[in-house]
Amino acid sequence: MENHSLITQEIHYVGVQDRRTHLFEGLWALPDGISYNSYLIVDEKIALVDSVEAGFFGQSLRKIKRIIGDRPIDYLIINHMEPDHSSSIGLLKKYYPDMILVGNARTFGMLEGFYGVEGEQEVVKMGSKLCLGSRTLEFYITPMLHWPETMMTYDSTSKSLFSGDAFGCFTALSGGIVDSEMHIEPYLDNAVRYYSNIVAKYGPQVQRALQLLKDLDIQYLCTLHGPVWHDQIPHMFDLYDKISLCKAEEGVVIIYGSMYGNTEEMAEEIARELSFNGVKTIKMHNVSTASPSHMLADVYRYNGLIIGSPTYNAELYPGVEAMVSRLKNRGLKNRYFGFFGSFSWAGTAVKLLADFADGMKINVIGAPIEMKQSMTDADRKEVARLAVEMAEAIKTPF
């Protein structure tokens, strides 16, 4: 039987597809599932690069055994200790008790803390090398992409970079493994969503990693989630460069909460006025129904952001407050920002959105709009003003 696991030069895919989990990390929507990628390098010595979530261990083990039979795994290379990749390490040790665990100093502190796994260890540093026979692996320490122990592994023979969670994407693989085997557009969209949800807080660390990797000849970018990038490697590096610097496409995202429809009416009026003023890309998100995962992806994709909220118990509407908190946590910058609010008897939403803007590196466009109870002709004039100012602003890139 032909071996369909082979990616290139004795590097085999032994990952699995998770179409059961609805929320990644209990937070981020997975309408099309997610992959947990693991790779087997077969040489004089055999190395497994990362493992899979424990609930899928049996599938991965069967794939491994179909490739190497009864041969032992000599090394397990641990690029990332997050449990969706490390929770099966204890199970692997039961089948391969003599397997040497390869990681950096921070890796092994976490391995002990999470699982109490023991065994022979090889501690690597920046530039450390590991010979498997005809090929030598080299290690790059890339902390905070997106955990403190994260690292990457480079195989110069196949020119493959095993990049941990960096360059990953949501969505399970549907047959194809390498990007050249599939229609890639949905995966590219989900790479933006993955970055905005998982990696966005760590833009400076992404920039440092890009500088570290810039001279490597990479033909296969083997991530822990999503396709193996081959044709799309230049695109992925360019994407990470731009998005880590908070550069964005021209467009406006409107995020709003509404209890009884009045704040929503303002949002709809703003969207219509933006369109009338030539803005073609407008993304509308009602926080009560929209996925935070998709809202964040749009905020990171487009350079205009407008947030609206009613006053709710003297605070922001809860869904809006949660989204504002997420944006603060990620240190969003380089956006044109407008905001509006409504109240019935005592307004605080607009003030709280102004406080948010003051603490961020974003450009506030015009004066905010504050509506009492329902829209008036004066409110509509203010809506038109905000739309005109935002439509003009987004034409100028940061």
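In the stretch 44-51 there is at least one residue matching the filter, namely being in contact with a Ser or Thr (Cβ under 9 Å, 6 or more places away or on another chain), under 30 Å from D241 (Cα atoms), at pLDDT 95 or above and assigned to a loop (DSSP other than H, G, I, E, B). Which one is farthest from the chain's Cα centre (by Cα) among residues in the stretch 333-389 that are farther than 22 Å from N303 by Cα and of a type in the set (A, V, I, L, M)? Top of the filtered list is A378. For the stretch 325-346, indicate whether the set of residues that are in contact with a Gly (Cβ under 6 Å, 6 or more places away or on another chain), crowded, with 17+ Cβ neighbours inside 10 Å and part of a helix (DSSP H, G or I) is non-empty. Looking through the stretch 325-346, none of the residues is in contact with a Gly (Cβ under 6 Å, 6 or more places away or on another chain), crowded, with 17+ Cβ neighbours inside 10 Å and part of a helix (DSSP H, G or I).
Taking every residue in the stretch 274-302 that is touching a residue at least 40 places away in the same chain (Cβ under 8 Å) and within 13 Å of L327 (Cα to Cα) and pairing it with any residue that is of a type in the set (G, A, S) and not in a loop (DSSP other than H, G, I, E, B), at least 6 positions away or on another chain, the pairs with Cβ-Cβ distances below 6 Å are S293/A29; L296/S196; A297/S196; Y300/S196. Restricting attention to the stretch 214-255, the residues being under 24 Å from L173 (Cβ atoms) and not in a loop (DSSP other than H, G, I, E, B) number 14. Every condition in (1) touching a strand residue (DSSP E or B) at 6+ places or on another chain (Cβ under 9 Å); (2) part of a helix (DSSP H, G or I) holds for V279 except the one numbered (2). Got a sec? Which of A267, A200 is more than 20 Å from T150 (Cα to Cα) and of a type in the set (G, A, S)? Going through A267, A200 in turn, just one is more than 20 Å from T150 (Cα to Cα) and of a type in the set (G, A, S): A267.
If you check Q59 against the conditions, is it in contact (Cβ under 8 Å) with a residue 60 or more places away in the chain, within 20 Å of G175 (Cα to Cα), within 27 Å of the chain's Cα centre (by Cα) and not in a loop (DSSP other than H, G, I, E, B)? No.
The rows are residues; the columns are (1) in contact (Cβ under 8 Å) with a residue 24 or more places away in the chain; (2) outside the structural domain of D43 (by TED's automatic domain parsing); (3) surrounded by fewer than 16 Cβ atoms within 10 Å (Cβ to Cβ); (4) more than 21 Å from L101 (Cα to Cα).
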site	(1), (2), (3), (4)
Y115	yes, no, no, no
K125	no, no, yes, no
S128	no, no, no, no
W147	yes, no, no, no
S160	yes, no, no, no
E185	no, no, yes, yes
Y194	yes, no, no, yes
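In the stretch 357-366, the qualifying residues are those that are more than 13 Å from I306 (Cβ to Cβ) and in contact with a strand residue (DSSP E or B) (Cβ under 9 Å, 6 or more places away or on another chain), and the one that is surrounded by the most Cβ atoms within 10 Å (Cβ to Cβ) is M360. Residues in the stretch 49-63 that are aliphatic (A, V, I, L, M) and surrounded by 23 or more Cβ atoms within 10 Å (Cβ to Cβ) were compared, and the one that is nearest to G15 (Cα to Cα) is V52. Within the stretch 256-270, the residues that satisfy the criterion of being touching a strand residue (DSSP E or B) at 6+ places or on another chain (Cβ under 8 Å) and either at positive phi or buried (at least 20 other Cβ atoms within 10 Å of the Cβ) (or both) are Y256, G257, S258, T263, M266, A267, I270.
The values are calculated or read from the model by the stated rules, or taken from the named source; none is laboratory data. Quick caveat: nothing in here was measured; it's all calculated off a predicted structure. Cβ: placed from backbone, ideal geometry, glycine included. Neighbour counts: every protein chain shown.
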